[in-house]
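What follows draws every value from the coordinates through simple rules; no lab data is involved. Here the structure is a predicted model, which is why all the values come from computation and not from measurement. Don't worry about glycine lacking a Cβ; one is built from the backbone with ideal geometry, like all the others, and counts go over all protein chains shown.
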Amino acid sequence: MDDISQGIDSVSISDGGIAAAVACDMSTSKKEDMNSEKKCTSCKQNLDNVKTNEVEIDASANDMIESICVNCGKEGAKNTCNKCKQVKYCNAACKKRHRHKHKKDCEEHLKRVAELHDEKLFKQPQPKEDCPICFLCLPTYHKGWKYMACCGKIICSGCIHAPVYDDQGNKVDNQKCPFCRTPYRKTEEKERELKRVEANDPLAINTLGCDYRDGTKRHRDYTKALELFHRAGELGYTEAYTSIGSLYFNGKGVKVDEKKALHYFERAAIAGDVYARYNLGISEEDTGNFDRAVKHLMIAVRSGDNCSLEEIKRIYSDGHATKDDYTKSLRLYQEYLGEVKSRQRDEAAAFDQDYKYID
Ligand SMILES: [Zn+2]
Ligand SMILES: [Zn+2]
Ligand SMILES: [Zn+2]
Ligand SMILES: [Zn+2]
């Protein structure tokens, strides 16, 4: 009994939501394993019976343990501790009687959950990919780059607007994708976008979501936008969560819900979105948590965000951050710039190498 309950604790001690997912994954994979074992051709019937029984015993044993009241030990307890959701009680009376015994465990559990959450939240994410033309790290803000539906590439604004010259050196007004050279045609662009959306390209889905949100290329529809952002996020384009967060924060198409907004900003920030990271910093600043604000902004600065650098400077001049914080932020920004420059050098060297080969 002790062993089993320890096992449950060790699963559930991590971050609440994730713990549930892990526990769920474990049980599915376990069941899948059993199913695959059942496929034995020679003794199928027997295996089926044995394994099915085991699954049933496992499941009912788990149910039994999970439904025992930690106060009186009776089975069938359905009332859960509202704070940690880790222990069950028959009723409010049992909960109240057990409160003084459970209080310490409950607080420790919540503290550990918060610690693990912060560990994940304040980790420096991987740098963003480079522009495939100039090999500079893509700008951190969304307006600094454009998604091209022709080739599915993200191109930096600098390369999009770079002037094009003909053989005689005259500037030409050729409206072509700077990467794949497909001519821009507004009518075709919409069609291309939709084709990519149908093919489940998360970037195209996100772009379509932005079109609906901004009412630029399509009639404004926040509900559709939200749906598309969720789809893009689920398909791996985690920056779409920043857009979802903003809709909740500003109450567009949904009721204002700051808690939900922050939840989505966190998801996006963990995946490396500096806009979401900046928002989290500002939100912590607004509630007077300057330590956490600086921590968030510092991560954004290391990813190349100069707005966050400005913000740290402002917090420092208001007396809510130390001089060390400000110096550190400057150093991190220099580190980021140095990295970009060295990447440029590497790419230029690689290009020279290729060129020599062709010659
Ligand atoms: Zn009870
Ligand atoms: Zn509790
Ligand atoms: Zn570029
Ligand atoms: Zn293209």
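Counting pairs of Cα atoms in the stretch 231-353, how many percent are more than 22 Å apart? Of the Cα pairs, 44 percent sit more than 22 Å apart.
Which residues does a label at residue 136 reach in the stretch 312-344, if reach means a backbone N under 19 Å from a point 7 Å past the Cα toward the Cβ? Output list for this probe position: 333-344. As a quick test, which of the pairs 74/260; 153/341; 83/255; 260/341; 74/101; 217/252 have an alpha carbon distance above 29 angstrom in this structure? Too far apart for the 29 Å limit: 74/260; 260/341.
Tally Lys/Arg at +1 and Asp/Glu at -1 over every other residue whose Cβ is under 15 Å from the Cβ of residue 192; what's the total?
Details: positive: 146, 153, 176, 181, 185, 186, 190, 195, 196, 217, 218; negative: 188, 189, 191, 193, 198, 201, 211.
Surrounding charge for residue 192 is +4.
For the stretch 306-320, putting each phi into the Karplus relation 6.51 cos²θ - 1.76 cosθ + 1.60 with θ = phi - 60° gives couplings of 7, 5, 5, 4, 4, 5, 5, 4, 5, 4, 5, 5, 7, x, 9 Hz, in residue order, rounded to whole numbers and with x for Gly and Pro. Distances between placed amide hydrogens fall under 5 Å for residue 88 paired with 70, all partners being 5 or more residues away or on another chain. Its residue count N sets the reference 2.2 N^0.38 Å, and the alpha-carbon radius of gyration of the stretch 180-252 equals 1.11 times that reference. Within the stretch 203-311, report the trypsin sites (Lys or Arg not before Pro) that DSSP leaves as loop and that have at most 11 other Cβ atoms within 10 Å. The qualifying sites are 255. Here is the P(r) of the stretch 83-201: all C-alpha pair distances, binned every 10 Å from 0, give 10, 23, 19, 11, 11, 13, 8, 3, 1 in whole percents.
Fully extending the segment from residue 162 to residue 107, taken as 0.36 nm per residue of separation minus the present Cα-Cα distance, adds 14.0 nm.
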